[in-house]
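Trainee: I am attaching a structure below and will ask some questions about it afterwards.
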Amino acid sequence: MDDSPVILVTAGYDHTIRMWDALKSTCTRTIPYTTESQINRMALSSDKHYLAVAGNPSVSLYDVFGTSDLPVLKLDGHTNNVTAVEFTQDYKFLATGSEDSSIRWWDVYAGDCKYVLNNDSAVNDIAIHPDSRQELIVSCDQGGLIRVWSWRRREVLCQVIPQPDVAVRSVAVSPNGQLVVAGNNLGQVFVYRLIIDTSPQAGRTVELELYINFEAHYGYRITRTLFSSNGMYLATCSSDHSAKLWQLTERPAGAELVHSLNYHQRWVWDAAFSSDSGYLVTVSTDTRAALWDVSNGEIIREFKGHHKGLVCVALNDATA
């Protein structure tokens with residue numbers, strides 16, 4: 001990483017949010033998370049100003065550059081664990097998913113919920129489609145469904161079940177918006193082409209077409225899937241104590257394993273790519289975070305300071 005501003009944040013079971021100097025592996029700020037809930041997920045706004053922290057059952061927004069330990073905004077409405085949180089690119093809106101079987105669409109400036117999408121089972125993860133309309137939300141759930149929603153129309157546009165009765169744990173959309181990737185509780189990864197038809201006759205219709213699927217962490221739970229910013233790499237995190245970097249290929253190979261990142265001693269729960277896709281940060285319930293060089297799969301530095309397991313990380317090192 002170069003000398004451009006880097007916001008690196010970790011959190012987990014010890015009820016603290018820690019911000020780090022990524023170049024020196026030193027903690028620069030610690031925010032106590034004063035609720036009884038653990039922290040489940042975090043997201044940084046694209047302008048680096050806000051940090052959204054998902055707990056049970058609320059979402060708290062913190063001023064990254066402020067001095068107060070109190071959130072500047074608290075979003076209440078969910079009734080169970082908030083499992084996913086993501087800002088829109090213009091950071092005006094925030095989407096959340098919860099074990100209360102709902103997805104909520106929030107107006108960040110107004111501080112209130114604009115829409116509620118009711119799912120059939122606990123929502124494990126969500127991803128906002130990156131097109132300019134910012135209308136589509138992809139979700140996965142405990143019932144094994146992957147769904148594409150329109151929050152404007154408040155309806156499901158399409159859905160698939162990769163494997164019956166197997167929970168889908170994580171979902172992500174490629175930077176170009178053409179692929180959806182999902183990982184399940186058996187270590188399998190499914191990649192779909194996201195086909196969007198905007199013809200005047202049909203209106204806006206969406207289809208998920210299976211592209212490839214492969215065994216990423218055989219027999220172990222996949223905790224996180226994510227694309228690199230340039231779309232070249234797919235990262236998977238797992239309960240097998242590893243993270244893996246993949247490049248997607250045509251069938252029948254499915255995906256090529258680039259690096260297996262073996263450092264952590266317990267579950268790897270979350271990861272985040274740098275904006276140039278050259279680095280990856282992983283966090284684990286072994287209390288440590290690790291910074292990896294994507295080009296060679298080598299660990300560059302580690303971050304220690306949390307007293308209990310880590311389950312989420314957020315990184316924004318973009319220069320513009």
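The values are calculated or read from the model by the stated rules, or taken from the named source; none is laboratory data. Bear in mind the structure is a predicted one, so any value in this text is a computation, not a measurement. Note: ideal-geometry Cβ built from the backbone for every residue, glycine included; neighbour counts use all protein chains shown. Ligands, DNA and RNA are excluded from the accessible area calculation, which covers all protein heavy atoms including side chains. Shrake-Rupley method; radii C 1.70, N 1.55, O 1.52, S 1.80 Å.
Trainee: How high is the FRET efficiency between ARG153 and LEU210 when r is their beta carbon distance and R₀ equals 30 Å, given to the nearest 0.05? Spell out each step's value before the answer.
Mentor: Values: r = 25 Å, r/R0 = 0.83.
Computed FRET efficiency for ARG153 and LEU210 comes out at 0.75.
Trainee: Quick one: compute the contact order of the chain, relative version, from alpha carbon pairs under 8 angstrom and 6+ residues apart, as a percent.
Mentor: 13 percent
Trainee: What is the calculated FRET efficiency for GLU302 to LYS114, with r their C-beta to C-beta distance and R₀ = 51 Å, to the nearest 0.05? Could the numbers behind the result be given before it?
Mentor: Numbers: r = 41 Å, r/R0 = 0.80.
That gives a FRET efficiency of 0.80.
Trainee: Return the FRET efficiency for the residue pair ARG29, GLN163: r is the Cβ-Cβ distance, R0 is 56 Å, and the value is rounded to the nearest 0.05. If you can, show how the numbers build up before the last one.
Mentor: Details: r = 42 Å, r/R0 = 0.76.
After rounding to 0.05, the efficiency reads 0.85.
Trainee: In addition: Once you list every other residue whose beta carbon is under 12 Å from the beta carbon of GLN159, what net charge do they have if Lys and Arg are +1 and Asp and Glu are -1?
Mentor: Surrounding charge for GLN159 is -3.
Trainee: Cβ under 12 Å from SER25's Cβ, SER25 left aside: what net charge do those residues give with Lys, Arg +1 and Asp, Glu -1?
Mentor: Computed value for this residue: +3.
Trainee: Oh, and also: Label-point separation (nm) for SER46 and ARG133, each offset 7 Å from Cα along Cα-to-Cβ?
Mentor: 1.8 nm
Trainee: Still on this structure, I have one more. Where in region 67-109 does the label zone of GLU36 land, with the point 7 angstrom along Cα→C-beta and an amide N cut-off under 20 Å?
Mentor: 75-83, 99-100
Trainee: Still on this model: Which shape class applies to region 116-270: rounded if a/c is under 1.5, otherwise prolate when a/b exceeds b/c and oblate if not, where a ≥ b ≥ c are the square roots of the Cα gyration tensor eigenvalues?
Mentor: Prolate.
Trainee: In whole angstrom, how far apart do the alpha carbon centroids of region 58-104 and region 174-240 sit?
Mentor: 24 Å
Trainee: Here is a follow-up. So how far apart, in nm, are the two label points at TYR218 and THR249 if each is 7 Å from Cα heading toward Cβ?
Mentor: Simple spin-label model gives 1.7 nm for this pair.
Trainee: Would you mind computing the Rg to Rh ratio of the chain from its alpha-carbon coordinates, Kirkwood style for Rh?
Mentor: 0.94
Trainee: Now for a separate question. Which aspartates and glutamates, if any, have their Cα less than 12 Å from the Cα of LYS48, not counting same-chain residues under 8 positions apart?
Mentor: Of all the aspartates and glutamates, those that pass the test against LYS48 - Cα under 12 Å, at least 8 places apart if same chain - are ASP63, ASP90, ASP317.
Trainee: Tell me, what % of the accessible area of the chain is carbon and sulfur with a 1.4 angstrom probe?
Mentor: The computed percentage sits at 46.
Trainee: Right, something else. Using the heavy atoms of the protein chains and a 1.4 angstrom probe, tell me the accessible area per residue for region 28-124 in square angstrom.
Mentor: It amounts to 42 Å² per residue over region 28-124.
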